[in-house]
Amino acid sequence: MSVLVERLGAGRIEAALSLDGSFLVDSRLSLHARDGIIGYEVVALAPYRKRYGDEAGDDDLRDYLAAADRIAFVAIERDEVVGRVLVSTNWNGHALIDDIAVDAGHRRSGAGAALLGRAIAWARECGHPGVMLETQDRNVAACRFYERHGFILGGFDRCHYAHDAAVRDEIALFWYLDLAAPDVAGD
C-alpha cells in the first residue's frame, strides 16, 4: 500500500487529532555514557499500554497551517489520515519534531518513515543544520526507529518529568540528526 504525505490542511485537522497513538511498553533503555558517547542496553519491563496525553489540540494544529517557522504534514493511505508530524524551528536553529504519531493500526506500513523523511526534507529546504526530537526511555520502538534513520542519542534528562506523577520514572531522551553528515537519511 502506498503512503502519501501532504501538508496538513484545515479539512484534515480532526482526522489528524483522532489517531490512536498508544503503544506497548515492554522494555526501557538503560543508559550509560562513556567518553562523551551515550549508549544503552534494553531492559525488559512488565508490559503495559501507554498513551500520550493530547499533546496536539485543534488550536495547536491550526498554528502550523500558516506559520513560516513551523509546518504539519499528514500521512494518507486510501484517503485516510494515518499519521502526522509537526515540525518547527527550534531556538538552536535545528528543526524540532514537536510531535510524530502513526495510528496503531497502521504501524509498519511505511507511514512513519514517510513522515520523518518529509520532516527532514522540510528541514533541508529551510536550511536547518539538523533535526532534533525528544522521546522517552520507555518508547524503545521509537528510539530504534530514529536510530535506523540516522539519529544519534545526544542527551538525556532524568529530571524532565520529575513533577508529573504518571511519568516521573521516565527519562527524556534527545535525539539528533546532523544534516551535514554525508550518510543522512534523505540524501
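No value in this document is a laboratory result; all are computed from the given coordinates. All figures in this text were calculated on a predicted structure; none of them were measured in a lab. Positions of Cβ are generated from backbone atoms using ideal geometry, with glycine treated the same way; all protein chains shown enter the neighbour counts.
Observations on the structure shown:
- The number of residues in the range 109-129 that are in a helix (DSSP H, G or I) and farther than 10 Å from L179 by Cβ comes to 12.
- With respect to the conditions (1) in contact (Cβ under 8 Å) with a residue 60 or more places away in the chain; (2) touching a His at 6+ places or on another chain (Cβ under 9 Å), R118 falls short on a single one, namely (2).
- Tallying residues that are part of a strand (DSSP E or B) and among the small types (G, A, S) within the range 130-176 yields 4.
- Single unsatisfied condition, G112 versus (1) surrounded by fewer than 19 Cβ atoms within 10 Å (Cβ to Cβ); (2) at negative phi; (3) small (G, A, S); (4) out of contact with any Asp or Glu (no Cβ under 6 Å at 6 or more places or on another chain): (1)
- Considering residues of the range 88-109 that are of a type outside the set (D, E, K, R), under 11 Å from the mean Cα position of the chain (by Cα) and within 17 Å of L17 (Cβ to Cβ) only, the residue surrounded by the most Cβ atoms within 10 Å (Cβ to Cβ): V102
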